[in-house]
Structures are given as C-alpha cells and as structure tokens.
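Before I ask anything, let me first share the structure, which is written out below as structure tokens.
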Amino acid sequence: MSIKLNVIDLPKDDYKGGPSSLCPGCGHDQISNVIIQAAWENGIQPEKIAKMSGIGCSSKTPAYFLGKSHGFNTVHGRMPSVTTGANLINKDLTYIGVSGDGDSASIGIGQFIHAIRRNLNMVYIIENNGVYGLTKGQYSATAEVGSKKKKGEINMSQPIDLCAVALNLGCTFVARSFSGAKKQLKALIKAGLSHKGMAVIDVISPCVTFNNNDESLRSFGYVRGNSNELHVIDYIPQREPVQEVEIPAGNYRDITLHDGSTIRLETIDDTHDPSDLVAALAALHRAEEGQKHVTGLLYFNPNVETTEEQLNLSDTALLNLKENQLRPSKESLIEIIKNKRG
Amino acid sequence: MGYIVNDCVINIATANGTGSQSANLIILQALFEMGVDVSGKNFFPSNISGLPTWYVIRVSEKGYQAPGDQVNFQILMNKATWEKDIQSVKPGTVIIYNSDVKMPVEREDCIVYPVPMTKLAKKIHPKLAKMIANIIYVGILAELLNFDSEKLELAISKQFLGKEKAIQLNVDAANAGREFFKENFTKEDSYTIEKREKDEDAFLVEGNEAVALGAIYGGVNLLAWYPITPSSSVAESIIEWIPKLRLDENGKSTCAVIQAEDEIAAVGMIVGGGWAGGRAMTATSGPGISLMSEFIGLSYFAEIPCVIWDVNRTGPSTGLPTRTQQGDLSMLYEASHGDTQHIVLIPGTVEECFEHGWKAFDIAEQYQTIVFGFSDLDLGMNKWKATNFEYPPEKMNRGKVVISQEQFDKIQNFGRYRDIDGDGIPYRTLPGSGLAPILYRGTGHDEDGVYSEDPEVYNKMMARLRRKIDGSRTKLPQPVFKNNDAKEIGIIYYGSMQNTIQEIDDILEATGIKISQCRVRSLPLSPEVENFVSEHDLTIVLEINRDAQIYGILRKEIPITLVQKLHSVAYSDGLPPKANVYAEKILKKINEVRE
Ligand SMILES: Cc1ncc(C[n+]2csc(CCOP(=O)(O)OP(=O)(O)O)c2C)c(N)n1
Ligand code: SF4
Ligand SMILES: [Mg+2]
C-alpha cells in the first residue's frame with residue numbers, strides 16, 4: 001500500500017505529535033488534528049514551523065501536533081511576546097501560536113492586544129471554552145453573563161469578545177470557528193498560514209469536563225444548534241490554478257492571500273464582505289444579540305506592514321547574520337574613542 | 001597668598017528643566033580639558049521640570065570622585081531652595097547668586113558675589129535669557145578659578161556640537177560673566193585651578209553609554225525594552241548608535257529594537273529571541289526586574305540565553321526613582337520562584353561597563369542562561385573618566401549550539417538537556433534547523449526535553465543546573481585586588497563603590513589603619529574571594545544598601561569557619577557614597593570587633 005504524500009513528499013505522520021493527555025472528547029484535540037491536516041496539506045516543511053503557546057490545557061497541545069517542529073510552551077499569557085522575539089530573530093519561520101481564553105483574554109490580554117497592534121506575522125489560535133480548564137473550571141473572561149458553572153455559580157461579568165477586540169485593533173485577519181467544524185476550520189487555518197501578518201482565529205472549543213452543560217453557549221450541543229456560518233469556505237493553494245476548482249453554484253468571493261493562494265467564501269445567508277470592518281463588527285453584534293455564534297472569515301486586510309517590516313531589518317534573518325555583520329570593526333571603535341577624546 | 005590648587009567642591013543649585021544641565025556639563029568638560037581630575041554628579045528629582053536639582057562638581061588632584069564633604073563654591077539659581085542652600089554652607093564659602101532674583105543673601109561670614117545674571121543674559125539675547133543666564137555663572141566661576149579661555153570654548157563647542165549659533169551665544173555669555181567679575185569684584189577665596197598635562201587618552205562617558213556600546217560590539221541583535229529611570233539611556237544609546245554602527249550594505253538594521261508594552265513583554269521578547277538563536281537583551285531597573293521574575297526562571301530552567309541590564313535605583317517599590325543604590329543584587333542572584341541561581345556581572349568602571357556589555361552575550365550563550373549586568377544610577381547616569389574601550393580580543397563565543405547535521409552526528413547520545421561533556425552544559429539546537437526538535441517548556445522535563453515529573457529526573461536536572469552555574473565561578477570576571485600585602489584588614493566591595501574606595505582607604509590610612517581591597521566583579525563568587533577572607537584577620541564587606549546583600553551571599557557560601565571573620569558595613573540614603581560617611585562606619589565596626 002502506498003502512503004499518501006503531500007506536495008513536498010512528506011507523509012501526514014511527519015506532521016503528527018505525541019499522544020494527547022487531554023480529557024477524551026476535548027475540543028482542543030479536534031483543533032490539533034485540524035492543525036496537523038492543514039500544515040500537511042499546505043506542504044510547509046515541518047522544521048520551518050515554530051509552535052508557540054502559553055499555559056493551559058489548550059497551551060499543552062503543541063506537544064500533540066507537529067512533532068518535527070521546535071516549539072515553546074512558555075508562561076501563562078505571554079506567548080505573544082516570546083513569539084515576537086523569536087520572529088524578529090528568525091522571520092523565515094511560520095509561527096503558529098495556540099492559546100486559551102484564560103491565557104489570552106485575562107492574564108495575557110495586554111500581550112494579545114500589542115501583538116495585534118504590531119501586526120506580528122503569525123497564526124494566533126485561541127481555543128476558547130469559556131473556562132479555565134487546567135485549573136478546574138473557573139470562569140474565564142469570555143464567559144457570557146448569566147452562564148452557570150457546573151457547580152451552579154452564575155457569571156455576572158461582561159464577556160470579552162476577542163474577535164471584536166482584534167477587529168477594533170486593526171487586526172489584519174480575524175476569523176471565528178468551531179472545533180467541530182473541521183472543513184471550515186481547516187480552510188481558515190490554511191488561509192491564516194498563508195497570510196502575511198496577524199491571523200487571529202478564535203475557535204470555540206468545548207471543555208467537556210467543566211463547561212459542556214447544554215445552557216453553556218460553548219457546549220457542543222449549543223454550538224451545533226446555534227451557529228451562523230457566514231459562508232462555506234474553501235482554501236485553494238497557490239499551486240492549483242483557481243479555475244480547476246469546482247465553481248460553486250451560488251455567489252462566491254475569492255480572496256488572494258500573500259503567498260498567492262486563494263480563499264473562496266461561498267455565501268450562504270448573507271453577503272458578508274470581509275474587507276468591510278463595520279460589517280464584521282455588525283455581524284458579531286447581531287450574533288451576540290441572538291445568542292448565536294457567527295463563524296467564518298470576518299475580516300481581512302492584506303496591506304499592512306508586519307512587525308519586522310516596520311523595523312526595516314536586514315533582508316537576511318538576523319539569526320543568519322555573520323559575526324562581521326553583528327560586531328562592527330575595530331577601526332570603528334577606535335574612531336569613536338578618538339572622537340570622544342576630542 | 002598660596003592657593004589651594006585643584007582641590008575644591010562646587011555645588012550648583014538650580015531647578016530641573018531650566019537648561020542648567022548644559023552649563024554644568026560645560027564646567028565639567030572645561031576642567032577635564034584643562035587636564036584636571038574632576039567628577040560631576042547630578043542630584044535630580046523624579047520630575048521633568050521645576051523641582052530642585054543640584055549638580056556637584058568635585059575637583060581633586062588625588063582623583064577622588066565621590067561628592068566631597070564640604071562645598072567651597074555655592075551657586076544659587078533656585079528660589080525654592082534658596083534659604084536652605086545658604087544655611088547649609090560653612091563660613092568662608094563663596095556664594096554666587098543671581099541678584100535679579102531679588103532674594104536676600106545674608107551671610108557676613110561668606111564671600112558673596114551678587115551677579116545680575118538675567119540682565120546680562122538679556123543683553124546677549126533677550127528671548128533666550130533664561131537659558132543663557134546659566135552660562136553667566138560659568139563665566140563667573142571661570143574667572144574666579146582661572147579657567148583657560150581656550151579650553152572653556154572647547155568645552156562649549158563640544159556641548160553644542162556643530163550648532164554654531166548656540167556656541168557663539170554661549171561663548172559670549174561666558175565672556176560677559178568673566179568681564180562682569182573683573183569689573184566689579186576681587187577674588188578673596190583661596191582656591192584656584194591650574195592646567196595639568198592632560199592625559200591625551202582620557203575622555204568622559206556615562207556608564208549607560210558604555211554598556212550600550214559594549215552591547216553593540218557584542219553583537220546584540222534584539223533589544224526589547226520598557227522605559228525606566230535610570231536605565232533608559234542604555235536603550236536610547238543603542239538606538240542612537242545603530243544607524244552609525246549596525247546597518248548592513250543595504251542600509252538596513254542588523255539589530256531589532258522594540259519598545260515593549262511593559263517589562264514582562266520585554267523579557268518575553270528577549271527569551272523568545274534567545275530561544276531562536278539571537279543575542280537578545282533588555283535594560284531596566286528594580287521595578288522591571290520584579291515584573292520579569294517569572295520569565296527569569298523560565299530562562300534558567302529551559303536554559304535560554306539572554307541578557308538583562310539592571311541599572312539600580314533606590315527601592316523598595318517606586319522608592320527614590322532618581323537616586324542610587326546597590327539594592328537589587330540579592331534579588332538578581334536568586335530571581336524567580338523555586339531554586340534558581342544566576343550569573344551577575346558587576347562592572348565598577350565605565351571601561352568595565354563596556355567590557356561586560358559585550359561579554360554578557362558570550363557568557364549567556366556559553367552557559368545557556370540569563371545573565372545580568374548590574375550597574376546603578378551613579379555609575380550609569382554620571383560621566384566618568386575612561387582611557388580606552390578595548391575591542392573584544394576574542395571571537396564571539398556562541399556556546400554549544402549545533403547548527404549542522406554533521407556537527408549533530410558527532411554528538412553521541414544527544415539530548416537537549418543531557419550533560420555530555422561533564423561540565424553541566426548541554427548542547428542545543430535551534431528552531432528552523434530540523435535538528436532534534438523539542439517543545440521547550442518551563443514544566444519538568446527529562447534529558448531529552450520530554451515532559452517529566454519523575455522525582456529522580458527532576459532532582460538530577462536541578463543538580464546539573466547548579467553544577468553548570470557553579471562552573472562559571474572561575475570563568476567570570478575575577479575580583480580585583482589592591483594592597484593585598486596588608487593582611488590584617490580586608491575590605492570587600494563592588495560596583496560603583498569603586499569611585500569612593502580610594503578616598504576611604506586614604507582616610508583609614510590617616511588613622512593608621514592599612515587595608516587591602518578586594519573588588520568583586522561577578523556572581524556567583526569566585527573562589528578567590530574566599531581566599532581573600534581566609535588570608536585576613538578581619539574582613540569588612542562594604543555596600544550601598546541596608547540589608548548587607550553580598551555579605552549575606554558570602555555568609556551562605558563560604559565555610560562556616562570563615563564566617564566569623566566577616567563584618568558588614570552597609571549603608572544607603574539614596575546618595576552616591578561619601579567617603580567620610582563610610583570610613584567612619586568602617587572605623588566604628590573595626591573598633592567594635594577589636595574590643
Ligand atoms: C502566572 C500564573 N498564574 C496562574 C497559573 C495557573 N493557571 C494555569 S492554566 C490557567 C488557566 C488556563 O485557562 P485557559 O487559558 O482558558 O486554558 P484552558 O485550560 O481552558 O484551555 C491558570 C489560571 C499559571 N500557570 N501561571
Ligand atoms: S479540562 Fe476541559 S479543556 Fe482541559 S482537557 Fe479536559 S475537557 Fe479539555
Ligand atoms: Mg479556557
């Protein structure tokens with residue numbers, strides 16, 4: 001039996017990680033599988049990926065995918081800063097960050113915000129379950145008002161919608177999805193990997209142990225019954241001429257990504273224009289009012305410089321500079337001292 | 001009458017933000033150009049404008065750099081501190097003041113010179129009179145102390161580098177001051193300045209700029225920082241030097257600089273940069289270190305090289321943000337939760353600031369850990385005399401980093417955290433290389449970098465980390481000894497105390513006590529420090545803090561039989577150390593011990 005290979009002749013096994021130690025049925029594991037599939041299908045060399053995370057059940061998952069990639073499971077809420085430093089030293093890697101709603105919306109909200117402001121070139125996946133899984137079920141800052149915890153306490157604080165925050169900060173790629181919506185999520189992750197700049201993908205990812213009661217807006221049952229997909233999404237890699245893809249029957253919209261690949265949004269109920277920031281915010285607002293989740297690519301803007309572009313750094317990744325490029329000459333120091341002596 | 005030559009203290013009382021700083025630096029520079037040994041210190045408040053500032057210039061033929069004990073020339077420019085400044089001076093002091101301020105100076109026992117500084121300045125440039133008024137007192141002092149006109153002009157042109165108009169205005173103002181003195185007053189004091197053969201190699205530089213240049217020549221390629229006094233000028237100097245020293249052939253930068261949103265992000269960025277294979281650093285002060293603590297532990301445990309410069313200010317909390325102290329040292333040594341121990345480099349001169357500036361990266365990469373540079377406001381923000389910055393004599397030491405398959409294949413039984421060479425330092429590979437990738441983590445891990453909570457694995461890992469850092473004791477900058485033949489009393493000190501120690505030594509010697517000196521230049525301590533203690537009957541540990549921080553470290557680390565020989569003199573009031581204050585405390589301590 002021949003093993004199926006991707007465009008760079010690697011089997012999918014080369015993109016897998018170690019066995020998961022999460023609770024069976026956890027949404028996070030579904031997302032890990034989609035990351036594996038997306039990276040494999042995109043044909044990225046595994047060693048050219050860096051997988052980054054903070055702390056939480058979600059942040060443990062880099063151990064369970066892309067075993068041939070270096071990764072860094074950092075500290076709680078600080079994945080963005082570590083990724084920023086790594087990116088500035090080695091801009092040639094593809095950075096996939098995984099975080100939780102506690103990790104990004106509470107302790108790490110400052111770093112989340114500032115990495116977006118700087119348009120850090122990465123895919124930032126939030127595995128959003130509305131609770132702190134790893135510390136056993138406390139509310140997170142994304143939990144809705146009135147939601148009831150397993151033990152019965154009711155949350156009275158307003159939730160933070162991380163997509164809305166990202167949109168308001170000028171994030172260049174903002175999407176929402178669901179761990180169970182494999183096709184949509186895969187297309188979004190693949191598109192995020194092709195995007196140059198910050199791609200925030202907020203993925204509803206139910207915690208089966210602490211937040212899966214049916215009233216919870218982030219339970220499997222609720223999400224399945226109350227999601228509005230903005231569009232059916234297809235990702236068309238750069239190497240496949242667009243015309244070879246089956247043209248959908250209804251309306252559709254093609255968006256060209258940085259590396260030449262295309263994301264095709266097939267509109268179902270609405271004509272959502274992902275270049276329209278106000279429409280994106282309105283879609284979130286409507287969904288919130290109706291206690292629904294709106295999923296899909298909410299917003300996309302390819303024309304913003306990334307962090308490393310803004311800094312006007314050497315074309316060569318700083319990591320690869322030679323000693324004589326990092327250490328100025330002896331003559332230059334002699335000249336400085338001469339001037340100081342006056 | 002015989003004058004006291006090249007030995008006096010000038011105190012200039014002004015308000016922050018009135019442009020007095022350039023006038024004061026001109027006096028300092030002019031004296032320096034005349035070949036006179038001089039130092040200047042700024043005593044400034046934590047605000048931008050309006051609060052009192054004092055600048056103290058010490059001229060000392062013996063090369064003493066601490067602020068002197070008695071002021072000989074008091075210049076009054078600040079109404080707010082007027083009376084206090086007048087009261088604080090001893091009889092016989094020269095008082096120069098701006099008579100346009102219309103405040104009384106009643107000191108019959110002093111030599112008082114009222115000068116209409118504002119009026120004189122207005123004649124030169126009505127609009128800029130406020131700024132120029134400061135230069136009038138420069139002229140008065142210059143006349144009074146017999147400054148060389150040429151050198152004074154040289155100092156002015158250095159201060160306003162290339163700005164011809166400003167130079168001319170200031171030269172005119174200084175001359176106006178000189179003329180006014182000649183026409184209206186006679187000299188009555190007994191101090192004067194004489195030109196000396198200037199050491200042609202000497203120049204003045206701030207410790208922070210020296211650190212910055214050191215970092216630039218150390219190949220820093222990521223600077224992430226968050227502004228905080230007194231460290232900001234380390235980062236700002238790096239930023240200033242990059243366009244001159246660190247652009248590639250296309251005019252693009254070889255060093256990324258990012259102003260982070262806070263110190264947690266700054267340290268996160270340098271940990272990320274070090275992890276990716278860069279030479280990453282940040283500069284901060286005590287409050288920043290407190291915020292960075294969690295990441296410092298991650299760097300230690302996951303073994304990631306990076307460099308943090310702590311320019312110490314007076315703590316705790318916001319403390320006295322514009323005052324100096326050696327109060328962060330024990331925090332740096334054991335920063336972060338759990339068992340940790342860090343390498344700390346402790347320069348005592350501006351030359352060493354430069355040297356440790358580049359060396360810090362070699363050491364961080366060699367030991368795969370966080371390395372601290374420890375400076376303070378006094379050393380960092382004041383100008384000190386230097387004679388040279390020596391170009392790094394060796395190539396960069398990038399440590400045990402494996403970058404090719406060929407290299408990798410030569411290592412038997414590779415594991416990211418396996419001690420293959422027996423020195424506690426493992427080999428590492430970089431992201432992007434595809435060589436033995438692991439998920440780095442702050443959680444427990446085995447020699448292969450795989451998650452583990454196994455008690456034996458953890459215990460072994462921690463023992464190796466200790467061995468690794470201990471191995472640096474003889475490799476880091478070693479202590480500097482002086483008069484080490486006097487074996488009775490030894491003094492251990494470090495950092496900016498270097499600038500006061502000789503004067504302390506001379507004061508003690510005048511009372512018949514001969515001491516030998518040991519200046520510590522790094523943590524963990526060199527075994528030579530222990531030798532020093534064992535060779536002396538009694539050792540004083542001298543430091544600028546309350547809690548005797550290095551003394552505490554020494555007590556913990558030297559053999560118990562030697563501990564009784566150690567005695568602490570630790571004192572801090574926020575000000576740079578005055579020789580007589582510390583000398584007195586040392587004498588008292590010695591007498592106590594000998595009783
Ligand atoms: C500084 C710090 N504070 C607290 C913790 C404890 N802690 C670990 S994970 C976590 C919350 C994780 O929640 P989330 O990011 O939503 O991840 P999930 O487990 O839900 O996937 C907390 C509070 C920690 N590790 N570090
Ligand atoms: S506790 Fe919740 S989030 Fe954590 S692994 Fe279990 S199901 Fe997943
Ligand atoms: Mg969560």
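Which helices (runs of 4 or more DSSP H) does region B:107-224 wholly contain that include 3 or more residues that are within 14 Å of another protein chain (Cβ to nearest Cβ)?
Values: elements: B:117-124, B:129-144, B:149-159, B:164-184, B:207-217.
Of the helices (runs of 4 or more DSSP H) lying wholly inside region B:107-224, those with at least 3 residues that are within 14 Å of another protein chain (Cβ to nearest Cβ) span B:149-159, B:207-217.
On to the next question. Somewhere in region B:280-289, is a residue at the interface with chain A (Cβ under 7 Å from one of its Cβ atoms) and buried (at least 24 other Cβ atoms within 10 Å of the Cβ)?
Within region B:280-289, the first condition is being at the interface with chain A (Cβ under 7 Å from one of its Cβ atoms), and the residues that meet it are B:280.
If we keep only those that are buried (at least 24 other Cβ atoms within 10 Å of the Cβ) too, we end up with B:280.
Yes - at least one qualifying residue is present in region B:280-289.
Are there any strands (runs of 3 or more DSSP E) wholly within region B:479-573 with 2 or more residues that are open to solvent by less than 20 Å² (accessible area, probe 1.4 Å), and if so which?
B:489-494, B:515-520, B:538-543, B:566-570
Considering only region B:66-85, how many residues are β-branched (Val, Ile, Thr) and either in a strand (DSSP E or B) or farther than 26 Å from B:ASP378 by Cα (or both)?
Result for region B:66-85: 1.
A further question on this structure: Filter region B:424-460 for residues that are under 41 Å from the mean Cα position of the chain (by Cα) and among the hydroxyl-bearing types (Ser, Thr, Tyr); which is farthest from A:GLY54 (Cα to Cα)?
In this case the residue turns out to be B:TYR427.
Right, here's the next one. Exactly one condition in (1) open to solvent by 10 Å² or more (accessible area, probe 1.4 Å); (2) within 16 Å of ligand 2 (Cβ to nearest atom); (3) within 24 Å of A:PHE65 (Cα to Cα) is false for A:SER99; which is it?
(1)
Checking A:ILE31 against (1) part of a helix (DSSP H, G or I); (2) open to solvent by 30 Å² or more (accessible area, probe 1.4 Å); (3) within 16 Å of ligand 3 (Cβ to nearest atom): exactly one of these is not met. Which one?
(2)
Is there a residue being part of a helix (DSSP H, G or I), among the charged types (D, E, K, R) and surrounded by 19 or more Cβ atoms within 10 Å (Cβ to Cβ) anywhere in region B:466-477?
Yes, some residue in region B:466-477 is part of a helix (DSSP H, G or I), among the charged types (D, E, K, R) and surrounded by 19 or more Cβ atoms within 10 Å (Cβ to Cβ).
Could you check region B:386-420 and list, in sequence order, the residues that are under 36 Å from the mean Cα position of the chain (by Cα) and open to solvent by 80 Å² or more (accessible area, probe 1.4 Å)?
Those that are under 36 Å from the mean Cα position of the chain (by Cα) and open to solvent by 80 Å² or more (accessible area, probe 1.4 Å): B:GLU390, B:PRO393, B:GLU394, B:LYS395.
Residue-wise test of (1) in contact with a strand residue (DSSP E or B) (Cβ under 7 Å, 6 or more places away or on another chain); (2) more than 16 Å from ligand 3 (Cβ to nearest atom).
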{"position": "A:ALA164", "(1), (2)": "no, yes"}
{"position": "A:LEU169", "(1), (2)": "no, yes"}
{"position": "A:ALA175", "(1), (2)": "yes, yes"}
{"position": "A:LEU185", "(1), (2)": "yes, yes"}
{"position": "A:ILE189", "(1), (2)": "yes, yes"}
{"position": "A:MET198", "(1), (2)": "yes, yes"}
{"position": "A:ILE201", "(1), (2)": "yes, no"}
{"position": "A:ASN212", "(1), (2)": "no, no"}
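Six or more apart or on different chains, Cβ under 6 Å: which pairs go from a residue in region B:199-219 that's closer than 13 Å to B:ALA283 by Cα to one that's assigned to a loop (DSSP other than H, G, I, E, B)? Could you list them?
none
Any idea which residue in region A:63-77 is nearest to A:THR316 (Cα to Cα), counting only those that are within 16 Å of ligand 3 (Cβ to nearest atom) and in contact (Cβ under 8 Å) with a residue 24 or more places away in the chain?
A:GLY77
Assess whether A:ILE113 counts as being within 14 Å of chain B (Cβ to nearest Cβ), more than 12 Å from ligand 3 (Cβ to nearest atom) and either surrounded by fewer than 24 Cβ atoms within 10 Å (Cβ to Cβ) or closer than 25 Å to B:GLY273 by Cα (or both).
yes
Within region A:167-216, can you find the residues that are assigned to a loop (DSSP other than H, G, I, E, B), of a type outside the set (S, T, N, Q) and either more than 15 Å from ligand 1 (Cβ to nearest atom) or open to solvent by less than 10 Å² (accessible area, probe 1.4 Å) (or both)?
Within region A:167-216, A:LEU169, A:GLY170, A:CYS171, A:GLY180, A:ALA181, A:HIS195, A:LYS196, A:GLY197, A:PRO206, A:ASP214, A:GLU215 meet the criteria.
Regarding A:ASN129, is this residue at negative phi, within 16 Å of ligand 3 (Cβ to nearest atom) and under 17 Å from the mean Cα position of the chain (by Cα)? Spell out how you get there, then give the answer.
Numbers: at negative phi: yes; within 16 Å of ligand 3 (Cβ to nearest atom): yes; under 17 Å from the mean Cα position of the chain (by Cα): yes.
Against the criterion (at negative phi, within 16 Å of ligand 3 (Cβ to nearest atom) and under 17 Å from the mean Cα position of the chain (by Cα)), A:ASN129 qualifies.
Right, A:LYS91: part of a loop (DSSP other than H, G, I, E, B), open to solvent by 10 Å² or more (accessible area, probe 1.4 Å) and within 16 Å of ligand 2 (Cβ to nearest atom) or not?
Against the criterion (part of a loop (DSSP other than H, G, I, E, B), open to solvent by 10 Å² or more (accessible area, probe 1.4 Å) and within 16 Å of ligand 2 (Cβ to nearest atom)), A:LYS91 does not qualify.
How many residues are at negative phi and open to solvent by 30 Å² or more (accessible area, probe 1.4 Å) when one looks only at region B:421-440? Spell out the reasoning first.
We begin by selecting, within region B:421-440, every residue at negative phi; these are B:421, B:423, B:425-431, B:433, B:435, B:437-440.
Adding the requirement that they be open to solvent by 30 Å² or more (accessible area, probe 1.4 Å) leaves B:421, B:423, B:427, B:433, B:437.
Summing the residues that are at negative phi and open to solvent by 30 Å² or more (accessible area, probe 1.4 Å) in region B:421-440 gives 5.
Restricting attention to region A:49-90, and to residues there that are among the hydroxyl-bearing types (Ser, Thr, Tyr) and touching a Pro at 6+ places or on another chain (Cβ under 6 Å), which single residue is farthest from ligand 1 (Cβ to nearest atom)?
It comes out as A:SER69.
Filter region A:59-83 for residues that are open to solvent by 10 Å² or more (accessible area, probe 1.4 Å) and either part of a helix (DSSP H, G or I) or more than 7 Å from chain B (Cβ to nearest Cβ) (or both) and give the result.
A:LYS60, A:ALA63, A:TYR64, A:GLY67, A:HIS76
Still on this structure, I have one more. Look through B:SER293, B:SER336, B:SER330 and report the one residue that is among the small types (Gly, Ala, Ser), open to solvent by 10 Å² or more (accessible area, probe 1.4 Å) and more than 14 Å from every other protein chain (Cβ to nearest Cβ).
None of the other options fit; the residue is B:SER330.
Output the residues belonging to region A:94-111 that are within 10 Å of ligand 1 (Cβ to nearest atom) and either in a loop (DSSP other than H, G, I, E, B) or not hydroxyl-bearing (Ser, Thr, Tyr) (or both).
Those that are within 10 Å of ligand 1 (Cβ to nearest atom) and either in a loop (DSSP other than H, G, I, E, B) or not hydroxyl-bearing (Ser, Thr, Tyr) (or both): A:VAL98, A:GLY100, A:ASP101, A:GLY102, A:ASP103, A:ALA105, A:ILE107, A:GLY108.
Please specify each residue of region A:136-146 satisfying the condition of being within 13 Å of ligand 3 (Cβ to nearest atom) and either under 16 Å from A:ASN212 (Cβ atoms) or open to solvent by 80 Å² or more (accessible area, probe 1.4 Å) (or both). Spell out the reasoning first.
Filtering region A:136-146 down to residues within 13 Å of ligand 3 (Cβ to nearest atom) leaves A:136-143.
Residues satisfying the conditions are A:LYS136, A:GLY137, A:GLN138, A:TYR139, A:SER140, A:THR142, A:ALA143.
Further, regarding this structure: Answer with yes or no whether A:ALA86 is open to solvent by less than 10 Å² (accessible area, probe 1.4 Å) and out of contact with any Ser or Thr (no Cβ under 6 Å at 6 or more places or on another chain).
It is true that A:ALA86 is open to solvent by less than 10 Å² (accessible area, probe 1.4 Å) and out of contact with any Ser or Thr (no Cβ under 6 Å at 6 or more places or on another chain).
The values are calculated or read from the model by the stated rules, or taken from the named source; none is laboratory data. It should be emphasised that the depicted structure is a prediction, and the values quoted were computed from it without experimental measurement. Don't worry about glycine lacking a Cβ; one is built from the backbone with ideal geometry, like all the others, and counts go over all protein chains shown. Protein only, heavy atoms only, side chains kept; ligands, DNA and RNA dropped before computing areas. Shrake-Rupley method; radii C 1.70, N 1.55, O 1.52, S 1.80 Å.
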